[in-house]
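Structure record follows, encoded as structure tokens.
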Amino acid sequence: MAKDYAQLGKKILQLVGGEDNVTSLVHCATRLRFNLKDESKAQTEALKETDGVLGVVLNGGQYQIIIGGDVNFVFDAIWQQADFGGKESTASEASAEEEEKSRIAKILDTIAGMFVPIVPVMAGAGMIKALVALVGMMNWLPKDSSTYQLLNLFGDTVFYFLPIILATSAAKKFKTNQYLAMTVGAALISPTFIGLVTTARENGTGLDFFGLPVTLASYSSSVIPIILAVWLLSYVERFVDKYMPNVIRIFGTPMVTLLIVLPLTFIVIGPLGTWLGDGLSLLINWMNSYVPWLVPTVVGATTPLLVMTGMHYGLIPIGINMLATTGVDTVAGPGMLVSNIAQGGAALATAVKTKKATTKSLAISTGISAVLGITEPALYGINLKFKKPLYAAMIGGGAAGLYLGLMNVGRFAQVAPGLLALPSFFSENAPSNILHAAIASAIAFVIAFIAELFLGVTDE
């Protein structure tokens, strides 16, 4: 029977305290993410018992309702019934509750808010890059053909212009002008700046702005510099706008803001962000050299716990930064891949063990979804609910993560971690990489499946 999304959306809106209690609403692959004015007005237990709702999580200052793969339909249904767009609080209107959030919760909320909206387009472009690499290795198209080069362009565009794309979502989180933020991002990858840097490097000279040195850096595909720059922009714009006369505010605020922020970005913020990104990459490379098994094992085993707390969003910028600086992600992608597949294996084993028809049906559907990369229905609907499947998934994910680390497996494109993401592990320079990723996926599934068969499930 088809779901009545309009009715489900209406009920959810009522149970979160009504339209007037909602500051903003967005969604990711499986969750409705509410910012509520007063979380005490939300009827959490009633929501958990609602058909179509898999769970409720209070995370990073957000009230998150887990729906599953059809979350976009519920989201659209709610938006058709309510009008709370544009009601996001400004920084000066932040509530007392907002001020009381822990620093970690604020950081996680900010990271999620910046990266969740852009993950789908990055995943799509990442799959294009993986397919182009396969086409090149199989010689299905000449690499000097315009078709091949255009396909390569399609995959690279999102990552090259990442500072502009990320500036947009960062501006929303930092509550500043999106167009000014995009301008700052565009300046970092401007052909003029790139040309100046190239010429200076070739001539062995430097760049300066009124005598102040400008670091010769490349910001295409970078993550940290633009986040820091937009954070700075949010403060400068508010300060300038506060003192700008009304008669010239329409052009005066943007002009003065850019004249302050852009020089500071090129002279201080950009180099600082680059230094932080490079330092992080060096640390990870050191770990890969001396304890290569550690990170994939930990990520493979603990990703379900990270998802429950929202801390998995902290891995996304690390993975993207690794791709930008080294061309391969050995931190987030590999471990999360096997963790997701292990969760699917544990859920499907639950379907085999359970005697309840409803549990069996839910375990099969959510298990398949988890193997393909959408784990929260399986995590909250089966694995966490019955506990033992969660333990089995962590065992399988940890074992497969250990294999990934020992084989030094990396991901070459940012995609959603699941079985369909295996092409992102393909590289012409390391053709066996995808084979080891496939073996690790099999290890994760089989061990989690067998572990759950032995542990059993208590749902009677």
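Any read-out appearing in this document is the output of simple, stated calculations on the displayed coordinates, not a laboratory observation. Note that the structure is a prediction, hence the values are computed from the model and not measured. Heads up, the Cβs are rebuilt from the backbone with ideal geometry, glycines too, and the neighbour counts pull from every protein chain shown.
Things to note:
- MRE, 222 nm, helices only [DSSP H, n ≥ 4, -39500 (n - 2.57), over the chain, to nearest 500]: -20000 deg cm²/dmol
- Relative contact order %, the chain, counting alpha carbon pairs below 8 Å whose residues are six or more apart: 14
- From the alpha carbon centroid of segment 298-369 to that of segment 386-447 is 10 Å.
- Read-out Cα extents along the principal axes in Å, derived from the coordinates shown; its label in [x] 75, 56, 41; [y] 74, 55, 35; [z] 90, 54, 40: [x]
- Protection proxy ranking of 396-407, 40-51, by the mean of other Cβ atoms within 10 Å over each peptide's residues and highest first, is 396-407, 40-51.
- Segment Lys143-Asp278, length gained on full extension (0.36 nm per residue, minus Cα span): 45.5 nm
- Paramagnetic reach from Leu294 (point 7 Å along Cα→Cβ, amide N under 20 Å) across segment 336-373: 336
- Prolate/oblate/rounded label for segment 226-381 (Cα gyration tensor, a/c 1.5): oblate
- Gain on full stretching of the segment that runs from Asp38 to Asp241 - 0.36 nm per residue minus C-alpha separation: 70.1 nm
- Cβ-derived FRET efficiency at R0 25 Å, Thr23 paired with Thr309, nearest 0.05: 0.70
- Potential extension, Arg201-Phe73 segment - 0.36 nm per residue separation minus Cα distance: 40.9 nm
- R0 of 56 Å, Cβ-Cβ distance Leu216-Lys355: FRET efficiency to nearest 0.05: 0.25
- Extending 7 Å from Cα along the Cβ direction at Phe454 and again at Leu259 yields two label points whose distance is 7.1 nm.
- Measuring nothing but how far apart in sequence close Cα pairs (under 8 Å, 6+ apart) lie, relative to its length, segment 291-455 scores a relative contact order of 33 percent.
- Taking the Cα centre of the chain as reference, the dipole from Cβ charges on Lys and Arg (+1) and Asp and Glu (-1) amounts to some 540 debye.
- Euclidean distance between Cα centres, segment 1-76 to segment 213-246, Å: 34
- Cα-centred dipole magnitude for segment 291-455, charges only on beta-carbon of K, R (+1) and D, E (-1), debye, nearest 20: 700
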